[in-house]
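Engineer: Got a structure for you, questions after.
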Amino acid sequence: MTVQQPTRRGAAARTAPGRGRRVSAGEARFALALLIPAAVVVFGVVLYPVVRTLVVSFFDVDSPLPGSYPFVGFRNYARVFHDPRFYPVLGHTLYFTLVSTALELVLGVVMALILNAPLRLRWFWRSVAVMPWALPTIVNGALWRLMDNGQYGVLNAVTTSLGLGAHQWLGSPFLALNMVIVADVWKNTSIVAFFLLAGLQTIPSDLYEAARVDGAGAVRAFFRITVPMLVPSIAVVLILRTIEAFKVFDIIYVMTGGGPASGTQTVAFYTYLQAFSNQLFGYGAALSYLVVLAILALALGYLRILRQGALAGVQ
């Protein structure tokens with residue numbers, strides 16, 4: 001009686017990894033050992049501070065030193081809404097978020113269309129366009145602070161040569177806030193443009209050719225083809241840039257320090273002042289968690305709008 005040898009395919013199926021092969025206890029322990037350093041870092045850098053901040057927000061902590069502090073429950077959160085200085089700060093944050101995000105989106109679309117055009121040395125112009133975003137935010141803020149200086153800034157040199165006179169660009173609250181927006185838009189428009197450029201390159205060229213055959217011009221094709229096809233990319237950009245703008249801190253710290261007259265203070269900057277300048281750590285922790293909840297609500301709102309738009313497109 002002859003015994004048939006197993007086929008090569010059957011032997012490979014029995015020995016191939018991931019197809020019913022059991023992981024030995026030694027391999028499992030080795031894999032766990034490899035994950036432990038990353039888990040320790042994530043716990044120490046992310047999880048522990050998040051949990052610790054949540055715990056501190058329920059106590060009246062007024063010192064960085066460990067000790068016994070009274071439990072106040074949600075009193076720190078309620079204090080936020082009774083703080084008369086919080087509402088102007090919230091207004092600055094919303095204004096900064098809306099204006100900077102809108103400008104970056106509009107200018108990003110224009111830049112993406114230019115970079116997507118069949119230009120000569122297109123790779124060079126794309127490399128140049130990404131340079132402002134690659135610049136560190138601290139350096140960007142210091143650069144614009146020097147440019148906006150009322151005595152020796154290059155911006156006043158330009159306006160004076162044009163006959164518009166010199167101005168104290170960072171001397172009044174509203175003007176200073178708008179100059180911070182200009183600096184933020186200058187830095188982040190390029191990354192918005194590259195997100196949208198990636199979306200533009202996924203649009204089939206056949207759609208534009210069909211539109212030209214039907215007699216549609218460039219403007220009509222833009223609003224009928226380009227904009228609807230860019231909705232997913234636009235949604236991603238809005239979510240990311242809204243989150244970043246709402247929690248802006250570093251560029252304000254470098255350019256204005258929250259001044260003049262607290263005119264450029266945002267919620268994140270105000271949280272920093274309460275926690276580390278006034279040493280109201282419990283109140284600052286409550287403020288930080290309210291910022292997190294606000295950002296989460298904005299992100300969920302964008303995702304809901306995107307989902308509704310997708311469902312409407314399917315229908």
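Engineer: Give the label of the value calculated from the structure for semi-axes √(5λ) of the Cα gyration tensor in Å, choosing from (i) 44, 37, 20; (ii) 27, 23, 19; (iii) 30, 25, 18.
Structural biologist: After the calculation, the listed value that fits is (i).
Engineer: Which residues' amide hydrogens lie under 5 Å from the amide hydrogen of PHE59, considering only partners 5 or more residues apart or on another chain, with H built in the peptide plane?
Structural biologist: For PHE59, whose amide H was placed from the backbone, the distant partners under 5 Å are VAL72.
Engineer: Let me ask something additional. Using only DSSP helix segments of four residues or longer, with each worth -39500 (n - 2.57), what per-residue ellipticity at 222 nm results for the chain after dividing by its residue count and rounding to 500?
Structural biologist: For the chain, the value works out to -21000 deg cm²/dmol.
Engineer: Which three extents, in whole angstrom, do the alpha-carbon atoms of region 105-233 cover along their principal axes, largest first?
Structural biologist: Ordered largest first, region 105-233 gives principal extents of 58, 29, 29 Å.
Engineer: Putting +1 on Lys and Arg Cβ atoms and -1 on Asp and Glu Cβ atoms, find which of LEU240, LEU197, VAL106 reaches farthest to the positive end of the dipole of the chain.
Structural biologist: Most positive-ward Cα: LEU197.
Engineer: By how many nm would the segment from ALA134 to ALA216 lengthen if fully extended, with 0.36 nm per residue of separation less the alpha-carbon distance?
Structural biologist: Contour length minus the Cα-Cα distance gives 25.7 nm.
Engineer: Next question, about the same structure. Can you work out ³J(HN,Hα) from phi for every residue in region 79-87, in order, using Karplus 6.51 cos²θ - 1.76 cosθ + 1.60 and θ = phi - 60°, giving whole Hz and x for Gly and Pro?
Structural biologist: 4, 4, 7, 9, 8, x, 7, 6, 5
A short reminder: the numbers here are calculations on the coordinates, not readings from a lab. For clarity, every value in this text was computed on a predicted model and none was experimentally measured. Cβ: placed from backbone, ideal geometry, glycine included. Neighbour counts: every protein chain shown.
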